[in-house]
1. What pairs come out if I take residues in the range 62-80 that are on the phi < 0 side of the Ramachandran plot and pair them with residues that are in a helix (DSSP H, G or I) whose C-beta lies under 6 Å away, six or more apart or interchain?
2. Across the range 56-87, what is the total count of residues that are under 12 Å from the mean Cα position of the chain (by Cα) and of a type in the set (S, T, N, Q)?
3. Would you call I32 among the hydrophobic types (A, V, I, L, M, F, W, C) and under 12 Å from the mean Cα position of the chain (by Cα)?
4. Taking G93 as meeting all but one of (1) of a type outside the set (F, W, Y); (2) in contact with a strand residue (DSSP E or B) (Cβ under 6 Å, 6 or more places away or on another chain); (3) on the phi > 0 side of the Ramachandran plot, write down the number of the exception.
5. Condition test on V15, is it over 18 Å from F82 (Cα atoms), over 14 Å from the mean Cα position of the chain (by Cα) and among the β-branched types (V, I, T)?
6. For the range 1-113, list the strands (runs of 3 or more DSSP E) that sit wholly inside it and hold at least 1 residues that are surrounded by 18 or more Cβ atoms within 10 Å (Cβ to Cβ) and among the aromatic types (F, W, Y); which are they?
Amino acid sequence: MHDDCIFCQIIDGKVPSDKIFESSEVLAFKDIDPQAPTHIVIVPKEHHLSLMDVEEGSALLAKLLSAAQMIAKEQGLDDDGFRVVINTGVQGGQTVDHLHLHLLGGRSMQWPPG
């Protein structure tokens, strides 16, 4: 855990969150500044700075995406569709230095996104 990382603090229970899903390796919670009717943040419990901090082919990435798939089904997003976003680095829009996925749904998504 990194004491200065807000997601590590949420994982550790020091900062409250509206949890949606939790396993031994993954935590998902509602975003505090939602960009869609459904906006859930999915994080690994182990601290990784970004997508680039995870080994290629890592089982962790599969677990994060599996969590997104399961949560999308539970939230009723699987029929109409949803978006999964991983912002990486400053120019990619990453604002928290802890790998995380955004699961967005409940409205039509536009393209291009940025």
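1. Once the first residue is on the phi < 0 side of the Ramachandran plot and sits in the range 62-80, its partners that are in a helix (DSSP H, G or I) give D78/A72.
2. Qualifying residue count for the region: 3.
3. Spelling it out, it is not the case that I32 is among the hydrophobic types (A, V, I, L, M, F, W, C) and under 12 Å from the mean Cα position of the chain (by Cα).
4. (2)
5. Spelling it out, V15 is indeed over 18 Å from F82 (Cα atoms), over 14 Å from the mean Cα position of the chain (by Cα) and among the β-branched types (V, I, T).
6. Because the criterion is at least 1 residues that are surrounded by 18 or more Cβ atoms within 10 Å (Cβ to Cβ) and among the aromatic types (F, W, Y), the strands (runs of 3 or more DSSP E) in the range 1-113 that meet it are 26-30, 82-85.
Here, each number is a calculation from the coordinates, and none is a lab measurement. Just so you know, these numbers come straight off a predicted model, no measurement behind them. Note that we place each Cβ from the backbone using ideal geometry, even for glycine, and neighbour counts take in every protein chain shown.
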